[in-house]
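Below is one structure, written out as structure tokens, with a few remarks after it.
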Amino acid sequence: MSVSPLATDRRTLLRAAGAGAVLLGLAGCKSAVDESNSSPAGVGGAPRKGGTLQIGSLYDFTPALLYTQGSFSALARLVFNTLTTYDKDLNPQPQLAKSWQVAPDGTAVTFQLREGVKFHSGRPFTAEDVVFAVNNLKDPKRSAQLRATAAVVSNTTITSPTELTLELAHPVSNLFDLFEFMFITDRESVEDALLGKKLIGTGPFVFENWTPGASISFARNTEYFVPERPYLDNVEVRIIPQPDSLIAALRGRQIHLALGASGRDLASIKSDNRFAIQEFDTGGGAFYVGANVSVKPLDDKRVRQAISYAIDRDRIVQQGLAGYGLPSSAPWPKSSPAYSDATARRYAHDPARAKALLAEAGVPALDLPLAFLSTSPAVAQMIQFDLDQVGIKTALEPMDPAKFQAQLISQAMPALWTGAHGFAQVHPSTLAVSAYPFNEAKNTSKFSDPRYTEIVQRAWRQADPASPQAKAAYQDLSEVLLDQQFVIDLVVLANLHAAASELRGVGQNEFSALNLDDAYLA
């Protein structure tokens, strides 16, 4: 099948990339909407070369989880590139791949790769590195959320150093989600990368060193394949695990960019024109409560539904997040093809309905542990208060981000936990085959149901993610999630960064990885 490279709708772009598409800096990258009185990031004046960008991050690097969506994801794009990157409409655009052709039945994709690209070690990037990247994500030891999609690649054929074909066991609706997620890493140093000793990619910055719990340093890649990029000479990241200290560092001009802060954390600088609060159109995941269905009485969906009715989502947004976020019973941001107002509003705050469901299930009162991310105590306390009003007592158990992620992966969470999940911002099937809380094959809740499996597989095995059949499957997926409530979604989060007004040109990909190709200090 041959398709004009000038076609612009999503279905066509999944079939072939425009051969004439140009990759310059933020091509395919999400921009930010500025909510301060200052000039927004990325506009105004000619870019200035040089300088060191100072970043503050709530989260440290966990090398063993390099290939998962986790604490390092925001910084990974500094070092690594992907084959393709989405634009705001989920149309794939060139990055390390300059063009591609998808078979009509969706069971193969042939890539033409960019010539002259080098890893930071000086070794040329070739088709063999793409094969390694796919096989690397298949490895269970990597705990990669898109492992199931990578595993669908059943055969690879390398035609030349810059051309290869990936054959699939069956079509998948989230194929290009994989290529957005899959960083191309140096196959010769992967074990050192997993120890935090070396991170070698093709990206705009070279990894210099990591001091656990303190800092990460990057320097400009002088041989980056994008001409005249990046503008910055260096990027220094300080680990600041307390939100108040993070914002204090920004106010004190010790950092230019704060990562990981919530809307509530940023309230004190919202009207200060020295700073820009940037809200990215990728969304920022979703707050949720997870239920371990192996713990009685959480095996009864009526109890899980009661928890959902008990929680006041609007209050969490207004008081816990300073108005940044979308109260929603469903995981989808408004940009998702699975979003609807009806599903978002399904579990309106109704304590009386919650008590009635608990009584119907024969559970007038409960006493359960509630684990939460130590960086988000306010939301956990609000959830605890709301559950107490309907007779569900909870004991809060804080966890640091590394422990929280490890227990999500290993199905070791207690009866209830609250945190934030991603993967709803791309094609809906990715959430259900990739995100630890939702994965139909093995999820943190230990939930299993034949109907859930059938719907997930039907949504996933679509050659065209925008077809009527795919959209019908997405609707069915929403309905089964809302009925079963093993993941109780609360708020679709705003994806926020707080930056000094002189920082311009910051972008992100769909997985919230910073793109600093065009970033500069005005």
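The values are calculated or read from the model by the stated rules, or taken from the named source; none is laboratory data. As the structure is a prediction and not an experimental result, all values here were calculated from the model. Cβ atoms come from the backbone with ideal geometry, glycine included; neighbour counts cover every protein chain shown. Ligands, DNA and RNA are excluded from the accessible area calculation, which covers all protein heavy atoms including side chains. Shrake-Rupley method; radii C 1.70, N 1.55, O 1.52, S 1.80 Å.
Can you pull out the trypsin sites (Lys or Arg not before Pro) in the range 244-274 whose DSSP state is coil and whose Cβ has at most 12 other Cβ atoms within 10 Å? It would help to have the intermediate numbers written out before the result.
Values: sites: R251, R253, R264, K270, R274; in loops: R253, K270, R274.
Of the trypsin sites (Lys or Arg not before Pro), the ones in loops of the range 244-274 whose Cβ has at most 12 other Cβ atoms within 10 Å are R253.
Restrict the search to the range 123-227; then list the GluC sites (Glu not before Pro) that DSSP places in a loop and that have at most 15 other Cβ atoms within 10 Å of their Cβ.
Numbers: sites: E128, E163, E167, E180, E188, E191, E208, E223; in loops: E188, E223.
Taking the range 123-227 and a limit of 15 other Cβ atoms within 10 Å, the loop GluC sites (Glu not before Pro) found are E188, E223.
All other residues whose Cβ lies under 12 angstrom from that of A365 are scored, Lys and Arg at +1 and Asp and Glu at -1, for a net of 0. Straight-distance candidates among the aspartates and glutamates for linking to K88, with alpha-carbon spacing under 19 Å and chain neighbours fewer than 8 residues away dropped: D9, D34, D177, E180, E279, D281, D464, E510, D517, D518. Over all other residues within a Cβ to Cβ distance under 12 Å of K301, the charged ones net out to -3, with Lys and Arg as +1 and Asp and Glu as -1.
When you restrict to C-alpha pairs under 8 Å that are six or more residues apart and normalise by the size of the range 78-142, the relative contact order lands at 17 percent. For the chain, the relative contact order works out to 23 percent when only alpha carbon pairs closer than 8 Å and six or more residues apart are counted.
A probe of 1.4 angstrom, applied to the heavy atoms of all protein chains, finds T375 with accessible area near 20 square angstrom.
Note down the net charge around A522, summing +1 for each Lys or Arg and -1 for each Asp or Glu among other residues with Cβ under 9 Å from its Cβ. Here the charged neighbours net out to +1.
Taking each DSSP H run with n ≥ 4 as -39500 (n - 2.57) and averaging over every residue of the chain yields -7000 deg cm²/dmol at 222 nm. Charging the Cβ of each Asp and Glu at -1 and of each Lys and Arg at +1, and nothing else, the dipole of the range 124-225 about its Cα centre rounds to 320 debye. Take every DSSP beta bridge whose two residues both sit in the chain; close to 75 percent of them are antiparallel.
Per residue, the Cα convex hull of the chain amounts to 130 Å³.
Cα centroid separation, the range 415-432 to the range 186-248: 27 Å. Computed over protein heavy atoms with a 1.4 Å probe, the carbon and sulfur contribution to the accessible area of the range 309-376 reaches 50%. Between Q319 and A378, the distance separating the two model label sites (each 7 Å from Cα on the Cα→Cβ line) works out to 1.1 nm.
Assuming R0 = 25 Å, can you tell me the calculated FRET efficiency for the pair D388 and A352, based on Cβ-Cβ distance, to the nearest 0.05? All intermediate terms of the calculation are to be shown ahead of the outcome.
Details: r = 15 Å, r/R0 = 0.61.
After rounding to 0.05, the efficiency reads 0.95.
With +1 on each Lys and Arg Cβ and -1 on each Asp and Glu Cβ, how big is the dipole of the chain about its Cα centre, in debye rounded to the nearest 20? Please report the intermediate quantities before stating the final value.
Values: 47 positive and 53 negative charges, 32 e Å.
Magnitude of the dipole: close to 160 debye.
Each of the peptides 52-64, 406-418 was scored by the mean count of other Cβ atoms within 10 Å over its residues; in descending order, highest first, they stand as 52-64, 406-418. Summary of packing: across the peptides 293-303, 325-335, the per-residue average of other C-beta atoms within 10 Å ranks them, highest first, as 325-335, 293-303. Please give me, ordered by residue number, the trypsin sites (Lys or Arg not before Pro) of the range 57-163 that lie in loop per DSSP and have at most 15 other Cβ atoms within 10 Å. When the trypsin sites (Lys or Arg not before Pro) of the range 57-163 are filtered for loop state and at most 15 Cβ neighbours within 10 Å, K88 remain.
Take every Cα pair under 8 Å in the range 215-337 that's 6+ residues apart, average their separations, divide by the length, and report that relative contact order as a whole percent.
Values: 73 pairs, mean separation 21.2, N = 123.
Across the range 215-337, relative contact order equals 17 percent.
Evaluated with a Cβ-only charge set (Lys, Arg +1; Asp, Glu -1), the range 275-376 carries a dipole of roughly 220 debye about its Cα centre, given to the nearest 20. Building the convex hull from the alpha-carbon atoms of the range 105-147 and averaging its projection over directions returns 4.4 nm².
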